[in-house]
Structure formats: C-alpha cells, structure tokens
Amino acid sequence: MEKRITLPITRETARSIKAGDACLLSGVIYTARDAAHKRLVELVEKGEPLPFDIKDATIYYVGPTPAKPGRVIGSAGPTTSYRMDAYSPTLIREGETGMIGKGKRGPEVVAAMKEYGAVYFAAIGGAGALLSSCIKKAEIVCYEDLGAEAVRRLEVEDLPVVAVIDAEGNNLYEKGRKDYLSSL
Amino acid sequence: MREIDAKAITDTVARLAIEANCLLPTDVKDRIEAARLEENWPTAQGILDKIIENYGIAERDFVPICQDTGMCCVFLKIGQDVHISGDLKSAVDEGVRRGYTEGYLRKSVVADPLRRVNTGDNTPAVLYTEIVPGDKLEITVAPKGFGSENMSRLAMLKPSDGAEGVKRFIINTVEEAGPNPCPPVIVGVGIGGTFDKAALLAKKALMRPVSERSSDEYYAALEAELLEKINSLGVGPQGFGGRTTALAVNIEWAPTHIAGLPVAVNINCHVTRHKSAVL
C-alpha cells in the first residue's frame, strides 16, 4: 500500500511521486523552520555556501521538543508550511526536492515545484510522539542559537508521510475533500 | 484571610505545565474516539487511528503529545479572601520556566514580536487573573500551539448581521483554515463584549469540556448546528477529506454594546490541552 522511498530524492524520483501517495521515507533529512529558512535564503542571496548539501535534500519543517535522557529526540511533528512559502522557491531552485510539513502552500511554491521537480509531503500534525519513533539519529548541523529551530540532520526509518502536492501541481487537499463530498 | 505562599503557585504551575503537555484530557480523548466510530471515510479513519495511537504513546512514555508545547496560558481564579505572599507574576513565570525545563518541553517564546530572540525558557506566561468569592486559588494551565492560533479570527460584525452573520463568519474561518490548524479542531467562539473581551471569551471557551454544551439553550442549539455544518464541509482529519473536521464548537457570550456584534473564533487542534488544580 505505502510507497517505500529511500532518500535522497532525485528530481526524477520527485516527479514520479503523485499527490495522494502514502510514503514511508528512510534515510537522511534536514530540519528547518522559519528562522533557519530565513538564514539559509540569506546565504543563497549572498552567494555563500549552505551549511549542508541542498542538492536532492528533503527538509522537514519541525522544531522538536528536547530529548529526554536516553532518547534520540523529543516529540517531532510537522509545523504549518505556509510560513516557509517565502523561502521555499529559492531552496527548490538550489536543489531541494522534498519538503515535509502540513497545510497549504502558495502558488509561488507550486510553480517552483513544477519547474524544477519537487514534492511536498504532509506528516500528521499533532502526532509528534508517534513520529519521533521513526527518527533513529539526530544531530545539530548549525544555528544552535535558535534552540528548537536549529538545523538538524535526522536519520529516519519509515517516516510516514503523504504526498499532498506533486510536481505536476496536483493537490490532495482539494482532491480528498472533493472525493469525500461526492461519495455522500 | 488565607495565606498562600507564592512558592506553592510555582510548584503547581510547573507540574500542570508538564502534565497538560503529556496527558490529553479525558473528554477530548473520548470525543476523538467517538468521532472515529462515526467516521466512514477510510483515509480519515486511518488518520484518527494514528492520532489515538499518538496520545497513547505520549501518555505511556510521558512525552509531549505535540512538539508545539505552546505559549503557556495561565488562568488564575483568586478567592477574594486569599493573600499571596510573594510576587504572583514572578511565581507563575518561575513555574513555567521550571516546568518547561524539567519537563523537556519546547521553548517557543520570543522576547519581542519583531526582533524575535527566544527567551530560552518559554516565559513569560500569558497570565489572566480573576477575583472570585472564597478563600481558594484555582490554577489552570493551558499550553496553546500556534498552528491553530494563527488560524483564529475576530470580526466586528454589525447588529444587522445577526445570528446568520455570526454563523457564516465561524464556518468561513474553519473552512479557510482548512488543513493548517491540524484538524479535527475544537472551535472556541466568543460572541459579544468588546473587541478584547470577545477574544478572551473564545480562548476560555476552549477550556470548557467538549462533552459539555452551553448552559444557555439558545447557544447550545447554536453550537450543535455549527458543529453539524462544519462537519459537512468535507475538510476532514488533516484536511485529507472526511466528516471529522471539528470535535466540538464551544460558545461563550457576554453582553455587548447596542452598536456592536463582536465575534472571535479561536481554533485549537485535536491536542487541546488544559489542566487545573485548586490550592
């Protein structure tokens, strides 16, 4: 039923994933949310190198809770994605192929996804305790001063996500609602 | 006059902050489980199962249900025959500081809205005090996540907009929010009062158990009608489609001005957290 995907996601793989596909992601992803996105895009604008390889990278919009002793990470569910809309087109152009968050995206993000080949996934918002069990390793890459918003490198195993917007611009939020209402 | 040591307030706020973040209230869990039984759209059923599994894990491992452990809203009902020894605001903030540090909760507060430097300990609390009869002190800690807070709205409607205008505004707010506030949501509504009063009523509405309808029959009927209409929108859990868009609509109301009809909609996600204690 679910599509198993090994990271990194190439442009080609990104184009093969369709809105509505339930996927299990395994491999390396990076975390970044509002403040980190702002800094990453400032680096791109100044022509400076990014602190991690953005080519074929998947970014998870998450600010986890601190890890309890003996645990890899705290609760780690997605944050709302539209706040990253101002920054995502730049990162997609630089090589980002996957985004994990929740909620709607703006037309500028969808346009960049179509142009370069990228996919937007949603994880279950509010299921941070459950999602953290898929994270096997976590380390800070940069921006430690941002606390929960620091960029982290995560190794995930079978992280359950659903492709919401694909590289053709199809949107599960629109289709899912329509399909349900027409089933009544 | 009864003496209450500010230190007891600190200890209680710290404990409640941790418990509220890890243990979902029973009324919310019961409502989610009932909604799961009423839901017949397979995708929606799957999401609700995961949500139920998630709060089970949080309870078992005593970890936060959601990583957004919120801005810490603290409501105090202070008996007029109580004297607090020590500084009340500092005592509450110290409780937040301790709870969020010792409980491994996320520190999500920036010191000012434009320069945005994290305070590092989730302080200050958003503190509301109310003076009530008696010699007790009731403390409620309600961590509020911002995915849903950001989807909240307030409108100063005209009296001529009436109940229909209010309904339209509430339903539109939930529909426009769509998948963003992590549905299924709980819709807190404040109608009447002033601009600020309506917002506070909406926030307080989120603290009423979802199993409890308004004590006023007219508003209880309005709550039921709105819930039915919202659950006919088709947004569904996480916005993937389905019946369960909202778990409850709770309305609080207050007298208002002859010229006004303020209405505030404070949306909360399925992780609606609050925990109380009486000193």
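Things worth noting here:
- Taken together, the residues in segment A:135-148 that are away from every other protein chain (no Cβ under 14 Å) and closer than 18 Å to B:G70 by Cα amount to 0.
- Pair list, Cβ under 9 Å, 6 or more apart: segment B:24-43 residue more than 14 Å from chain A (Cβ to nearest Cβ) and more than 12 Å from B:L247 (Cα to Cα), other residue surrounded by 18 or more Cβ atoms within 10 Å (Cβ to Cβ) and not hydrophobic (A, V, I, L, M, F, W, C): B:P25/B:T272; B:P25/B:R273; B:P25/B:H274; B:P25/B:K275
- Whichever residue in segment B:174-190 is assigned to a strand (DSSP E or B) and over 9 Å from B:V265 (Cα atoms) and, among such residues, is nearest to the other protein chains (Cβ to nearest Cβ): B:V185
- Considering residues of segment A:48-69 that are surrounded by fewer than 18 Cβ atoms within 10 Å (Cβ to Cβ) and under 14 Å from A:A138 (Cα atoms) only, the residue nearest to the other protein chains (Cβ to nearest Cβ): A:K68
- Criterion (free of Cβ contacts under 8 Å to residues at least 12 places away in the same chain and closer than 24 Å to B:C22 by Cβ) met by exactly one of B:N118, B:N172, B:N150, B:N122: B:N118
- Per the listing A:I29, A:I92, A:I73, the residue uniquely of a type in the set (V, I, T) and out of contact with any Leu (no Cβ under 8 Å at 6 or more places or on another chain) is A:I92.
- For the criterion of being within 18 Å of B:R36 (Cβ to Cβ), surrounded by fewer than 22 Cβ atoms within 10 Å (Cβ to Cβ) and modelled with pLDDT of 95 or more, B:L227 passes.
- Within segment A:149-184, tally of residues that are in contact with a Phe, Trp or Tyr (Cβ under 6 Å, 6 or more places away or on another chain), facing chain B (nearest Cβ under 10 Å) and over 20 Å from A:R4 (Cα atoms): 2
- Take the conditions (1) closer than 16 Å to A:R11 by Cβ; (2) out of contact with any Gly (no Cβ under 9 Å at 6 or more places or on another chain); A:Y120 misses just one of them, which is (2).
- Conditions (1) farther than 26 Å from B:I4 by Cβ; (2) facing another protein chain (nearest Cβ under 9 Å); (3) surrounded by 15 or more Cβ atoms within 10 Å (Cβ to Cβ): number failed by B:L105: (1)
- Residue check for A:V72: in a loop (DSSP other than H, G, I, E, B), touching a Lys or Arg at 6+ places or on another chain (Cβ under 8 Å), surrounded by fewer than 24 Cβ atoms within 10 Å (Cβ to Cβ) and within 14 Å of another protein chain (Cβ to nearest Cβ): yes
- Among the conditions (1) more than 22 Å from A:G128 (Cα to Cα); (2) in a strand (DSSP E or B); (3) among the hydrophobic types (A, V, I, L, M, F, W, C), B:I171 misses just one, which is (2).
A quick yes/no check of all residues on (1) more than 29 Å from B:T272 (Cα to Cα); (2) small (G, A, S); (3) in a helix (DSSP H, G or I):
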site: A:G101; (1), (2), (3): no, yes, no
site: A:F121; (1), (2), (3): no, no, no
site: A:K137; (1), (2), (3): yes, no, no
site: A:G147; (1), (2), (3): no, yes, yes
site: A:E155; (1), (2), (3): yes, no, no
site: A:P160; (1), (2), (3): no, no, no
site: A:S182; (1), (2), (3): yes, yes, yes
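- Residue within segment A:121-134 that is at the interface with chain B (Cβ under 8 Å from one of its Cβ atoms), out of contact with any Lys or Arg (no Cβ under 9 Å at 6 or more places or on another chain) and surrounded by fewer than 24 Cβ atoms within 10 Å (Cβ to Cβ) present: yes
- Of the criteria (1) farther than 30 Å from A:D21 by Cα; (2) assigned to a helix (DSSP H, G or I), which one B:Y104 fails: (2)
The values are calculated or read from the model by the stated rules, or taken from the named source; none is laboratory data. Note that this is a predicted model, so its numbers are computed, not measured. Cβ coordinates were reconstructed from backbone atoms using ideal geometry, including for glycine residues, and neighbour counts include every protein chain displayed.
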